[in-house]
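First up is the structure itself, then whatever we jot down about it.
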Amino acid sequence: MSINQKETFTFTALPENVEQMKALPEATMDTPFKTAALTLCALCMYGAAPDTGVELLNYLRGPRPLSGHDISFLKDRFRGERTYLPFSYFAGATPDNNYTPSKPYCVTVTADAHSYDEKGYARLYIASGGADSPRPIKLRQKADGQWCLWEQYLLTDIRQPKANDPWA
């Protein structure tokens with residue numbers, strides 16, 4: 001894998017169920033970049049329909065489904081109308097437009113010099129329109145070459161959308 005690699009993915013629509021996700025070309029999950037981009041789609045769905053979001057995330061996690069702790073974490077992160085968090089990673093989404101991304105949905109996933117330091121894992125990054133630095137996502141490669149979601153750090157706090165900011 002090359003250092004400072006960057007891949008951009010475009011989705012005309014976000015998958016609303018596992019079958020729609022499996023139909024996407026990225027669903028081969030043969031690169032960590034594809035799985036990272038799909039994780040963002042799954043997190044967006046979680047905000048709209050938590051049970052479906054869990055199904056999508058479990059698909060991306062392969063043989064390691066979400067634990068009760070993982071699901072509690074997701075509930076906490078989305079509490080209080082924070083469904084905008086995952087949308088902040090798509091192109092065009094900023095605090096000023098309440099994290100409304102441009103359409104089609106585009107996300108860029110990057111690797112750095114240390115992304116592949118741990119054998120069998122990749123630590124990639126996705127930039128948010130509401131944060132000063134890109135956020136990491138960790139993926140693990142199965143023996144068959146497929147990359148699965150291992151950990152994501154995409155739901156950390158970002159700048160409030162203008163509609164929620166009393167100082168705006």
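Just so you know, all these numbers are worked out from the coordinates, no wet-lab data involved. Nothing here was measured: the structure is a model prediction, and the numbers come from that model. With ideal geometry, Cβ positions are generated from the backbone for all residues, glycine too; neighbour counts draw on all protein chains shown.
For n ≥ 4 DSSP H runs only, could you compute -39500 (n - 2.57) per run for the chain, divide by its residues and tell me the 222 nm figure to the nearest 500?
It comes out at -8500 deg cm²/dmol, rounded to the nearest 500.
Among the trypsin sites (Lys or Arg not before Pro) within segment 1-102, those in coil by DSSP and having at most 15 neighbouring Cβ atoms inside 10 Å are Arg79.
Show me the chymotrypsin sites (Phe, Trp or Tyr not before Pro) within segment 83-168 that DSSP assigns to loop and that have at most 15 other Cβ atoms within 10 Å of their Cβ.
Working: sites: Tyr84, Phe87, Tyr89, Phe90, Tyr99, Tyr105, Tyr116, Tyr121, Tyr125, Trp147, Trp150, Tyr153, Trp167; in loops: Tyr89, Phe90, Tyr99, Tyr116, Tyr153, Trp167.
Here the chymotrypsin sites (Phe, Trp or Tyr not before Pro) that fit, given the DSSP loop and packing criteria, are Tyr153, Trp167.
Taking Lys142 as the anchor, which aspartates and glutamates have their alpha carbon closer than 19 Å to its alpha carbon, excluding any fewer than eight residues away along the same chain? Excluding near neighbours in sequence, the set is Glu26, Asp30, Asp117, Glu118, Glu151. A straight Cα-to-Cα reach below 26 Å connects Lys75 with the lysines Lys22, Lys34, Lys138, Lys162, residues fewer than 8 places away in its own chain not being considered. Taking the alpha carbon gyration tensor of segment 30-82, multiplying each eigenvalue by 5 and rooting it gives semi-axes of 19, 13, 9 Å, largest first. Using the alpha-carbon atoms, what tilt in degrees (0 to 90, nearest 10) does helix 32-48 show relative to the longest principal axis of the chain? The angle comes out near 40 degrees.
From the square roots a ≥ b ≥ c of the eigenvalues of the alpha-carbon gyration tensor of segment 1-100, which class results: rounded (a/c under 1.5), prolate (a/b over b/c), or oblate?
Details: a/c = 1.56, a/b = 1.08, b/c = 1.44.
Taking the square roots of the gyration eigenvalues as a ≥ b ≥ c, segment 1-100 is oblate.
Each Lys and Arg contributes +1 and each Asp and Glu -1, all at the Cβ; summed about the Cα centre of segment 1-105, the dipole is approximately 180 debye.
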